[in-house]
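Below is one structure, written out as structure tokens; the observations come after it.
Nothing in this text is a laboratory measurement; each read-out follows from the coordinates by a stated rule. Values in this document were obtained by computation on a predicted structure and should not be read as measured data. Positions of Cβ are backbone-derived with ideal geometry, glycine not excepted, and every protein chain shown enters the neighbour counts.
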Amino acid sequence: MKPNIKNKSARLRRFYPLLALTLLAAPFLQGLTISESSAARTLHTPNKADRAMVNTSSVHQTYQPDGIKVLAEGFHSKITKPFVAVVRDVETYAALRKLDENLPKLDADFFKENAVLAAFLGERNTGGFSVEITPSPVDINVLEKKPGKGVMVPQMITSPFKMVALQGVSNAAVRLNLFVDETWRQAMTSYRVTSGRFRMSGGIAGTSEGFGLQGPMAVMREGNLASFSFRIVGSETRKRRLLMEYATGVIDGENKIQINRMSADSLVDSPNSGLAGTATFSEEGRKLTLSLMSRPSLIVDGYSGQGTIEAELRAPATKP
């Protein structure tokens, strides 16, 4: 008995569209298996791997790369150790200028629409070194530029630095996420969050959501300043919550650090007034407690939040 060629062709015509749809959907379905815990594991260090995490997240406004203006740069700074500061307020900038009074004067009006990014490379035995600050769609790169091989350089001790204005940055809405070169990462002390909780509320409907916080963070100190690199992700959330931010605070006499202004990233829905933070260290710096709270705001039907992070010093990796 001969097969029914007509019926067979009809079945194949119905099968091919189904096969094509399955092949197209496979990458999407595979992507749905990625969990929040695996995302958190990509944040263990402030390196290039963080960029992929930030790039695929639903976050608030990121700094756009067309508003960087050089305020000062040179080869001799009084800050002679690697340090990077992100400053959004005049009080913190005044503390930075106490470390190097040759930095330009800036008033409170400047910080209404701008932030300062200042990078100090530390001492080098020769000339030819410099600091490079380049933006990307996801973050801002702070890099060490070394002299080329065989290039003649001045035989003198230098301490290169560069300071730029990040123009058009409001104090709340724009996240400032940095990728810093190895020179500055080696100067950071790494911590891991052992416990953290945050609650966000507000809006027209009066919504409220509480969630956990986890991930790594790092601290870099210079004089009475401390800079924090946050790579925090929310857990048990209805939507993705991140704190990918770099912020600098002032250390007072009681070993407390006050961060006057930083973005809330996506921990708090928009519109919001950003965050302020107070950090304390205990057990000779082995433990860190950070309290976060929304800054005062006149935004009608805006959102606010508050929370606490407890972290401990990460043990250095042991060599086999």
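Laid out as a table, the results:
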| item | result |
| --- | --- |
| Extended-chain gain in nm, criterion 0.36 nm per residue less alpha-carbon gap, R97 and E123 | 7.5 nm |
| Segment D107-K256, extension gain: residue separation times 0.36 nm, minus the distance between their alpha carbons | 51.1 nm |
| Karplus (6.51, -1.76, 1.60) ³J(HN,Hα), θ = phi - 60°, over the range 149-155, in Hz, Gly and Pro reported as x | 5, x, 6, 6, 10, x, 8 |
| Alpha-carbon spread of the range 66-182, three principal axes, descending order, Å | 46, 33, 20 |
| For the range 68-183: relative contact order, % (alpha-carbon pairs under 8 angstrom, 6 or more apart) | 37 percent |
| Residue exposure sequence - Y246, Y303 - by fewest surrounding Cβ within 10 Å | Y303, Y246 |
| Relative contact order [Cα under 8 Å, 6+ residues apart], the range 246-301, whole percent | 28 percent |
| The range 188-313: relative contact order as a whole-number percent, Cα under 8 Å and 6+ apart | 26 percent |
| Residues E123, E132, sorted so that the one with the fewest Cβ neighbours within 10 Å comes first | E132, E123 |
| Whole-Hz ³J(HN,Hα) from phi, Karplus 6.51 cos²θ - 1.76 cosθ + 1.60, for the range 197-209, glycine and proline x | 9, 9, 10, 10, 8, x, x, 4, 7, x, 6, 8, 8 |
| Computed E for I157/A315 - FRET, C-beta separation, R0 35 angstrom, nearest 0.05 | 0.55 |
| 5 angstrom amide H check on R197, placed H, neighbours 5+ away | L213, T308 |
| Neighbour-count ranking [beta-carbon atoms within 10 angstrom, fewest first] of T189, T248, T183 | T189, T183, T248 |
| Cα centroid separation - the range 97-160 against the range 211-229, whole Å | 21 Å |
| Amide H within-cut-off set for N141, under 5 Å, with H built and near neighbours excluded | T134, S136, F179 |
| Sparsely packed GluC sites (Glu not before Pro) within the range 266-320, loop by DSSP, other Cβ within 10 Å at most 16 | E283, E284 |
| For the range 275-287, 3J(HN,Hα) per residue [Karplus equation, 6.51 cos²θ - 1.76 cosθ + 1.60, θ = phi - 60°, Hz, x = Gly/Pro] | 10, 10, x, 10, 10, 10, 10, 9, 6, 6, x, 6, 10 |
